[in-house]
Amino acid sequence: MLLICREWALKMVDEVILETHQLVKEFKGFVAVNAVDLKIRRGEIHALIGPNGAGKTTFFNLLTKFLIPTSGRVLFNGHDITHEKPAQVARRGIVRSFQISATFPHLTVLENVRIALQRAQGSSFDFWRSASRLHLLNDKAMDLLSQVDLSEFAQVQAVELAYGRKRALEIATTLATEPELMLLDEPTQGMGHEDVDKVTQLIKKVSANRTVLMVEHNMGVVSQIADTISVLQRGQIIAEGPYQTVSANPQVLEAYMGSTEHALDALHGH
C-alpha cells in the first residue's frame with residue numbers, strides 16, 4: 001500500500017510542468033500579484049481568468065521573465081527559473097504568444113512561419129540566406145500551416161489575412177519553436193463570434209500532446225476547452241478547478257462581474 005501511494009505521489013510530481021510558490025509582484029506599494037501558488041499539469045489546457053486589473057497579465061509577465069518577482073519562486077520542470085532572463089526560459093521551452101499579433105505583415109504566411117523555424121534553429125532573421133536553403137524549411141512550414149488550417153493561404157501576405165486567421169498564423173509561428181509550455185495571452189481578444197469559435201477549436205486541436213496556459217476573458221471559450229480554470233481577483237487566486245466547479249462559485253460570480261447581476265449569463269458566454 002505504501003509503495004502504491006509513493007508511486008502515485010511521484011506520478012503527480014512528474015505531471016507538474018510549471019509551478020509558482022508564494023509569487024508576489026509589487027509596484028510602488030501596489031500588490032499586483034499576491035502570494036500566488038499555481039500548478040500547471042503537463043498535457044492540460046489551464047485557463048487563467050478574472051476581471052480587468054486582476055493581475056493576469058502581470059502574472060504572465062512574471063512567468064516569461066519580462067518582470068522579476070518581488071518575492072516567491074517559479075519552477076519549470078523542477079528547475080528554479082525565478083531569476084532567469086526571457087531568452088533563457090524561451091530556450092527551456094516556455095513560449096508566449098502575445099495579445100497583439102507579432103507577425104511580419106508584408107511577408108507571406110509561409111515566410112512568417114519559415115522565419116520562426118529559423119529562429120528555433122538559432123539562425124533567426126537571416127534574410128541573406130539563399131532561397132534554396134530557406135526552401136528546405138518549406139515542408140516543415142507547410143506542415144505547421146496545415147495544423148492551423150492555413151495551407152491555402154501560404155502565399156498570401158499576412159496583412160491581407162482576416163483577424164482570426166492572423167491569430168492562427170501567430171499560433172503557427174509559436175508552434176514552430178516547439179514549445180513545451182505554450183502561453184496564450186487573450187487569444188480571442190477583439191474577435192467576432194465566428195472567429196472566436198474557429199480559434200477556440202484551433203487551440204483545442206494544437207494542444208494535443210502539448211501544455212497550454214492561457215489568459216482569456218471569454219468564459220464561453222474556456223468552458224469548452226480548459227481542463228483547469230484558475231480565477232484571479234486583486235492578484236490572488238480565489239477559486240480553481242474545472243468549469244463546472246468554478247462557474248458555480250458565488251465568489252467567482254461576484255469577482256468576475258463586480259455584482260451577481262447577469263453573472264451567470266457572462267460566465268456561460270451569453
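The values are calculated or read from the model by the stated rules, or taken from the named source; none is laboratory data. The structure presented is a predicted model; accordingly, all values stated were derived computationally and were not measured. Don't worry about glycine lacking a Cβ; one is built from the backbone with ideal geometry, like all the others, and counts go over all protein chains shown. Heads up: the accessible areas ignore ligands, DNA and RNA and are worked out on the full protein's heavy atoms, side chains in. Shrake-Rupley method; radii C 1.70, N 1.55, O 1.52, S 1.80 Å.
Structure above, values below:
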quantity	calculated
Heavy-atom accessible area per residue - segment 47-100, 1.4 Å, Å²	45 Å²
Phi to ³J(HN,Hα) by Karplus 6.51 cos²θ - 1.76 cosθ + 1.60 over segment 52-64, Hz, x for Gly, Pro	4, x, 6, x, 5, 5, 4, 4, 4, 5, 5, 5, 9
For residue 96, distant residues with modelled amide H under 5 Å away	183
Distant-in-sequence amide H partners of residue 214 (H built 1.01 Å from N, under 5 Å)	46, 47, 48, 184
Mean Cβ neighbour count within 10 Å, used as a protection proxy, ranking 201-211, 140-150 highest first	140-150, 201-211
³J(HN,Hα), Karplus 6.51/-1.76/1.60, whole Hz, each residue of segment 176-182, x for Gly, Pro	4, 7, 6, x, 7, 10, 9
